[in-house]
Each structure stands twice: as C-alpha cells, then as structure tokens.
Amino acid sequence: WCDQNVPNLDLTRRVLTGGSMGGWGSLRYGARRPNLFASIYPDRPRWRFASNSMYSVPTLASGQAGSGTTGSYTDATSPFIASEDGGGKVTRHMDMISYVADTNNDIPWIGWCLGRQDGFANFPDHVDAVIAMRAAKRGFAFAWNNGDHSAGSILSEIRQSYEYGLFRLGQGYPLFTNHSGDQDPAVDLVGGINIGLSFRNVVETSSGWSCQVTSVLGARTVTVEPISKVFRTAVTPQNVTIPAANTWVTVNFA
C-alpha cells in the first residue's frame with residue numbers, strides 16, 4: 001500500500017521497526033525478507049520464545065477450537081506455519097538466533113536495543129544473538145542498559161549514527177568488527193556493540209569496493225571488510241583508525 005500510494009518513496013531504502021511486541025514482530029518478519037527491507041531496527045525484541053525446550057504458540061485461526069489461547073509444544077510436536085510465512089515448524093520460526101546463524105539465509109542489517117532487566121525479553125538470548133551474528137559475519141549494532149522493559153527502549157543510541165535510510169537494497173556496506181568502543185553484554189551493565197559508527201559513499205564493482213567510515217562518538221579503531229553481492233573477492237579485513245569524531249576515513253579493497 002505504501003509503495004502504491006505514498007509519493008516520492010525510495011523503495012531501496014525500506015526500513016522496518018517496532019517496539020516491544022512490534023520489536024519481536026519486526027525482527028521475525030524483517031529478517032526473513034531482505035528483498036523488502038535494507039535494514040531493520042527492532043526495539044526490545046525477543047530472539048527466542050521458549051522455556052525449558054517448550055515453545056509457546058498462540059492459536060489464532062478464526063473458528064478454530066481454542067482460538068485466542070496459547071499452547072506449549074516441544075519441537076517434535078510443534079504445529080507448522082503457512083508456506084507464505086516460510087513454512088516449517090513454529091518452533092523453528094520462533095528461534096531467530098538459529099536463523100541468523102545459518103549463513104544460507106540472507107538477512108538485512110539489524111540494529112536493536114534492550115534493557116538487562118526486561119521482563120518481556122530474555123537478556124541472555126541477546127548475548128547469544130551477538131555471538132551468532134559475529135560468527136556468521138552479520139552486520140549489526142546492539143545497545144543495552146540495566147533498565148526494565150520501558151527504560152530499555154534506547155533505539156536512539158542506534159539511530160544516532162545508523163539513521164533510517166542509510167542502508168540500501170542492492171548496495172553493500174561495511175562489516176564492522178573489533179570496535180574499540182565495544183562493551184561485553186555478558187558482563188557490562190550498560191554498553192553497546194558497533195555503536196556510533198557510520199559510513200557513506202559506497203562504490204562497488206566486480207573488481208573493487210570502497211567507502212568512507214566514521215564515528216560520531218570520538219576517536220575509535222575498528223576492523224572493516226565489505227559485505228557485497230557485487231564485489232565477491234576474498235579480502236583481508238582492514239584495521240581502520242578514526243582519529244576524531246565525525247572524521248571520515250576512506251577504506252579501499254581490490
């Protein structure tokens with residue numbers, strides 16, 4: 001509807017976001033549709049929905065017995081979802097960590113936030129998500145604090161440098177790792193991963209890739225390598241020194 005009725009849209013820069021239940025939904029829906037969304041910004045999502053290997057599944061079909069209730073299932077007894085939503089078992093659909101860990105699955109860039117004391121989303125799952133995203137070389141940023149569900153809504157810490165529309169469908173972007181400003185979500189009560197970094201002027205061909213990178217938060221070091229479907233040459237990641245806030249540094253690969 002938006003594509004057909006809102007004028008002057010750049011359909012390559014679609015963003016999906018939502019808070020709380022909307023964060024959960026935007027993560028599950030958007031991560032599976034990289035052809036529609038260049039980036040997603042889930043605000044306090046759930047990465048898993050399970051307790052002691054039992055998955056809670058709502059029954060929503062109109063007229064179906066038990067409609068509006070929630071049942072608990074093991075993976076073996078899990079119902080299946082509609083093919084238009086990806087098919088397969090609901091339990092697998094509920095586990096986004098396994099989904100992003102599978103490098104056969106394309107996903108958009110993901111920037112998300114949470115409070116450690118959130119009663120809606122299990123914080124250790126978010127630690128596991130960071131581990132999975134790093135291992136699969138996914139582009140992401142994560143911000144957290146020691147707040148509850150309300151106080152953990154700090155998506156502004158992501159958007160201060162990764163503004164809506166920064167990422168584009170069909171265009172590569174830099175994968176940031178080993179950022180000197182990173183904290184450890186398994187230990188630190190407040191912190192972020194890849195917070196404050198940004199990029200511009202991506203140029204990519206089959207024989208080369210370049211962009212400019214910066215930090216809005218001050219001098220930083222970070223490792224950079226391209227995520228690109230145009231430039232597919234295996235390269236050695238580059239360690240980049242950003243000397244001051246908002247100072248742009250050019251990175252080239254060939």
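The values are calculated or read from the model by the stated rules, or taken from the named source; none is laboratory data. These numbers were taken from a predicted model, which means no experiment stands behind them. Here the Cβ positions follow ideal geometry from the backbone for every residue, glycine too, while neighbour counts run over all protein chains shown. Protein only, heavy atoms only, side chains kept; ligands, DNA and RNA dropped before computing areas. Shrake-Rupley method; radii C 1.70, N 1.55, O 1.52, S 1.80 Å.
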If only one of 194, 178, 239 is surrounded by 20 or more Cβ atoms within 10 Å (Cβ to Cβ), of a type in the set (S, T, N, Q) and within 30 Å of residue 102 (Cβ to Cβ), which one is it? 194
Of everything in segment 76-118, what is part of a helix (DSSP H, G or I) and small (Gly, Ala, Ser)? Give them in sequence order. 83, 98, 101
Residue match in segment 219-230 (condition: part of a loop (DSSP other than H, G, I, E, B) and loosely packed, with under 14 Cβ neighbours inside 10 Å): yes
Cβ-Cβ distance below 6 Å, separation of 6 or more or different chains: which pairs start in segment 109-131 with a residue that is more than 15 Å from residue 157 (Cβ to Cβ) and end on one that is among the small types (Gly, Ala, Ser) and part of a loop (DSSP other than H, G, I, E, B)? 109/139; 118/152; 127/186
Scan segment 15-22 and give yes if some residue there is of a type outside the set (Val, Ile, Thr), modelled with pLDDT of 90 or more and in a helix (DSSP H, G or I), otherwise no. yes
Residues 151, 129, 121, 141: which one is touching a Leu at 6+ places or on another chain (Cβ under 7 Å) and of a type in the set (A, V, I, L, M)? 121
Filtering segment 113-126 down to residues that are within 17 Å of residue 97 (Cβ to Cβ) and open to solvent by 50 Å² or more (accessible area, probe 1.4 Å), which residue is modelled with the lowest pLDDT? 122
Take residue 129 and tell me if it is of a type in the set (A, V, I, L, M, F, W, C), open to solvent by 30 Å² or more (accessible area, probe 1.4 Å) and at pLDDT 80 or above. no
Within segment 207-215, identify whether any single residue is out of contact with any Pro (no Cβ under 6 Å at 6 or more places or on another chain) and open to solvent by 30 Å² or more (accessible area, probe 1.4 Å), and answer yes or no. yes
Can you give me the number of residues within segment 162-175 that are open to solvent by less than 10 Å² (accessible area, probe 1.4 Å) and assigned to a loop (DSSP other than H, G, I, E, B)? 3
Checklist (1) crowded, with 19+ Cβ neighbours inside 10 Å; (2) out of contact with any strand residue (DSSP E or B) (no Cβ under 9 Å at 6 or more places or on another chain) applied to residue 102, failing item: (1)
Looking across segment 136-148 at residues that are of a type outside the set (D, E, K, R) and over 16 Å from residue 183 (Cα atoms), the single one that is surrounded by the most Cβ atoms within 10 Å (Cβ to Cβ) is 139
Being closer than 27 Å to residue 16 by Cα, outside any loop (DSSP other than H, G, I, E, B) and within 19 Å of the chain's Cα centre (by Cα) narrows 210, 198 down to just 198
Say whether the condition of being in a loop (DSSP other than H, G, I, E, B), polar (S, T, N, Q) and open to solvent by less than 50 Å² (accessible area, probe 1.4 Å) is met by at least one residue in segment 149-160. no
Residue hits (segment 176-190; closer than 16 Å to residue 240 by Cβ and part of a loop (DSSP other than H, G, I, E, B)) are 178, 179, 180, 181, 182
